[in-house]
1. Kindly report the accessible area of the chain per residue (heavy atoms of protein chains, probe 1.4 Å, no ligands, DNA or RNA), in Å².
2. If I build a Gaussian network model for the chain, linking alpha-carbon pairs within less than 10 angstrom, which residue out of K87, K65, K43 has the largest mean-square fluctuation?
3. Tell me, what % of the accessible area of the chain is carbon and sulfur with a 1.4 angstrom probe?
4. Nearest 5 percent is fine: what portion of the DSSP beta bridges confined to the chain is antiparallel?
5. Return the lysines within reach of K87: Cα separation strictly under 27 angstrom, same-chain partners fewer than 8 residues apart disregarded; answer none if there are no such residues.
6. Using alpha carbons only, how many angstrom separate the centre of segment 26-72 from the centre of segment 1-17?
7. Normalised by the number of residues in the chain, what is the relative contact order in percent for Cα pairs under 8 Å and 6+ residues apart?
Amino acid sequence: EVQLVESGGGLVQPGGSLRLSCAASGFTFGRYAMSWVRQAPGKGLEWVACISSFDGTSYYADSVKGRFSLFRNNAKNTVYLQMGSLKPEDTAIYSCAAHRGVKCVPPFDYWGQGTQVTVSS
């Protein structure tokens, strides 16, 4: 079955860094754009970043631009979110999602279960 499994979350101090991983299986990972989304406590889903399937073009939400970087390793069926200069506002459950096709456009076809990121002193 299709699986997206996030890992790497945890507790980090403000200003710190964290790298999230999303391991994919059950589908042809390299054919699909991949996004990260997050949901902060009491808030709705926020799209964070997306990387296309074919050329690695990345897009970022304004809230994380310049602080987060998105990478993918198609040989490992894994997409990464490198988070730096973390702020308490970044506290959320982070999930990866596979788009329907190669481009960073809706909809998402598959979602992971999410990993908790807590930014706090």
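The values are calculated or read from the model by the stated rules, or taken from the named source; none is laboratory data. Please read all numbers here as calculations on a predicted model, not as lab measurements. All accessible areas refer to the heavy atoms of the entire protein, side chains included, with ligands and DNA or RNA removed. Shrake-Rupley method; radii C 1.70, N 1.55, O 1.52, S 1.80 Å.
1. 51 Å²
2. Looking only at K87, K65, K43, the biggest GNM fluctuation is shown by K43.
3. 51 percent
4. 95 percent
5. Leaving aside lysines fewer than 8 places away in the same chain, those within reach of K87 are K43, K65.
6. Rounded to whole Å, the Cα centres lie 13 Å apart.
7. In percent, rounded to a whole number, it is 36.
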